[in-house]
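See structure below.
The values are calculated or read from the model by the stated rules, or taken from the named source; none is laboratory data. Because the structure is a prediction, the values reported are computed rather than measured. Every residue, glycine among them, receives a Cβ derived from its backbone with ideal geometry; neighbour counts consider all protein chains shown.
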């Protein structure tokens, strides 16, 4: 869901007089969405360099090469910042000194926006501190992080050159919550929206999940009121029950999932369709692509299985096969539940515990037929369809490495930071990767 709520007070603080603005807040609080909205609303695309730090970034040289590249894509940086390539004797300190010199003539205000600063190691943080303290005053810094990092910014705070935006600032007000639901096409008339706002404490991710779960209901206000009024159930429990209520009992086999995708495209008479499959979703998009070949422009596999003809997902990995068969046999409806242990150890290792718990409560048990059925069709590239593969660097959830699945398509994978569930924790970087994959030709 891509609805953006105007937040002029926060946008004003981002574009204020402070030399450095730190946005320090938990996962799902809306940091990245706020920053991207600010840049778009303020028309700063040519004046802002955006750098997303990869999970567990341990090579300062790679980070600083990314900073140089981002600055060179700005209007001023394209003329001032020199090109730089990786070399064994090139270190971050050298890069910082070059940037200080290159950007000294900067005449107009420009911004260096660094997302996920908390992933930088100690040396890279020290180098960033040097750049902040010595760079041209026309270069402003906006740093997004999940927790405070050691940057030695106390002097800037004393001088009034440091602005800080934290969790309480990012929480949606009741008015903003109502605007979010209106932007999602939901008209809520009763007090239920106020209850939802209170239960989520204005947490951006929780509100967006709730809006997504209510979309399509004939009377979302009545539904929300029935689930929340006078109840002590958590938001996560509500959302789980809500999605479960809406799951079709008819979609139990792989063929059902393929039929659903085909029906969605054909019923709307869509053409030039881009199909994107994530995880097991590689199966239904592959089956649908074969049936919709004349309507499909491209198939993108994002951290997904690329099916081998005649092979069900359960047989892609012997260890997985044993666990899945055991899970199917243990459940009365033949589904495969996804517990907290799987989220913590496989799907989202290293992510904040509250987020892991929320996701584990929201994940639906998967019908066993999804895992045990196969497709009697070759990879989509074999029938002339364009395809791309995007993998996450720290993904350990797939039955095989992403490079092996990409090889089935005959393409080179694009690699982005993060784990299997990066689409939840860093949707912006996933969106950028999907757009790049769409625009590229293999």
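Annotations
- Taking the numbered list (1) more than 26 Å from residue 423 (Cα to Cα); (2) touching a strand residue (DSSP E or B) at 6+ places or on another chain (Cβ under 9 Å); (3) not in a helix (DSSP H, G or I) in turn, residue 83 passes all entries but (2).
- Among residues of the stretch 330-349, those that are part of a helix (DSSP H, G or I), surrounded by fewer than 15 Cβ atoms within 10 Å (Cβ to Cβ) and out of contact with any helix residue (DSSP H, G or I) (no Cβ under 9 Å at 6 or more places or on another chain), counted: 2
- Residues of the stretch 190-209 include none that is at pLDDT 75 or above, touching a strand residue (DSSP E or B) at 6+ places or on another chain (Cβ under 9 Å) and within 29 Å of residue 143 (Cα to Cα).
- Residues within the stretch 139-153 that are modelled with pLDDT of 95 or more and surrounded by fewer than 15 Cβ atoms within 10 Å (Cβ to Cβ), tallied: 0
- So residue 311, is it over 28 Å from the mean Cα position of the chain (by Cα), more than 15 Å from residue 365 (Cβ to Cβ) and modelled with pLDDT of 80 or more: yes
- Taking the stretch 273-308 as the range and being under 23 Å from residue 423 (Cβ atoms) and surrounded by fewer than 17 Cβ atoms within 10 Å (Cβ to Cβ) as the test, the residues that pass are 274, 297.
- Matching residues, the stretch 373-386, being under 21 Å from residue 322 (Cβ atoms) and touching a strand residue (DSSP E or B) at 6+ places or on another chain (Cβ under 9 Å): 373
- Members of the stretch 46-66 found to be assigned to a loop (DSSP other than H, G, I, E, B), surrounded by fewer than 17 Cβ atoms within 10 Å (Cβ to Cβ) and at negative phi, listed by number: 46, 58, 59
- One residue from 69, 89 being assigned to a loop (DSSP other than H, G, I, E, B), assigned by TED's automatic domain parsing to the domain that holds residue 159 and without any contact (Cβ under 8 Å) to a residue 24 or more places away in the chain: 89
- Residue check: residue 427 meets all listed conditions (1) touching a residue at least 60 places away in the same chain (Cβ under 8 Å); (2) loosely packed, with under 15 Cβ neighbours inside 10 Å but one, namely (2).
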